[in-house]
């Protein structure tokens, strides 16, 4: 395991915000690079991928949503969005493009640092060791999930999941036939008791698009009306341990 500092790319065209975010992250021990436009952000992130990107949505040139889209298509780098917009639709679009979390402006720098820690914990694999004796792989028909390798395959082909999508999938498969409210999923998978439950809706929809034969008629992740979601599976989820 390397002792190198966590490398974070901060993308914001507001010098004051970029400076404050950079200072707090560096104070936390991170190595931070800051850029002020979307094109430069893509160049830096793809040339030398950081451990995480803090990405403002409102950028000159290529906006943050397009940066997130292109970055997610080319590299599995965790993304936390910064947005001054109040509309829920902007947050949902960002999450649908693969962002791992979002923080609305104005925000507390301490909260942002806490969110960075939470996303990185999930991105770097606590699932395999968090619960002693927990299954390290799951099979459900043609779907195979290797928790230790953080790898998902459908019909033998890799399924590109974000860190949060993977966490959510594993949580469901570890608790088959158990219904969870969106608030419970926020607590168990996101690690917070407070937050926008539309985040859960978006991530479930994205998971269905990636692992269901027909996302409009899902058979693996079922909706429990008036409650939330539960793992149905094509058959009882099989779990194996080494």
*What angle, in degrees between 0 and 90 and rounded to the nearest 10, separates the Cα long axis of helix 38-47 from the longest principal axis of the Cα atoms of the chain?*
60
_Under the Debye formula (equal points on every Cα, no solvent term), log10 I(q)/I(0) of segment 137-204 at q = 0.25, 0.28 Å⁻¹_ = -1.14, -1.28
*Evaluate the relative contact order of the chain (contact order divided by residue number), counting alpha-carbon pairs under 8 angstrom at least 6 apart; express in whole percent.*
14
*How many percent of DSSP beta bridges within the chain run antiparallel, rounded to 5?*
50
*Taking springs between alpha-carbon atoms closer than 10 angstrom, which of 49, 76, 106 fluctuates most in the Gaussian network model of the chain?*
106
*asked:* Compute the angle between helix 109-123 and the longest alpha-carbon principal axis of the chain, please, reported from 0 to 90 degrees and rounded to the nearest 10.
replied: 40
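For segment 19-93, would you read off the P(r) tail past 19 Å as a percentage of all alpha carbon pairs?
Numbers: 949 of 2775 pairs.
That fraction is 34 percent.
Would you calculate a helix-derived [θ] at 222 nm for the chain, using -39,500 (n - 2.57) for each DSSP H run of n ≥ 4 and dividing by the full residue count, to the nearest 500? Intermediate results must be reported in sequence, preceding the final value.
On the way: 9 runs with 92 residues, N = 242.
The per-residue figure over the chain is -11000 deg cm²/dmol.
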*Helix 198-211 versus the longest principal axis of the chain: what is the Cα-based angle in degrees, 0 to 90, to the nearest 10?*
60
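Just so you know, all these numbers are worked out from the coordinates, no wet-lab data involved. None of these values were measured; they are calculated from a predicted model.
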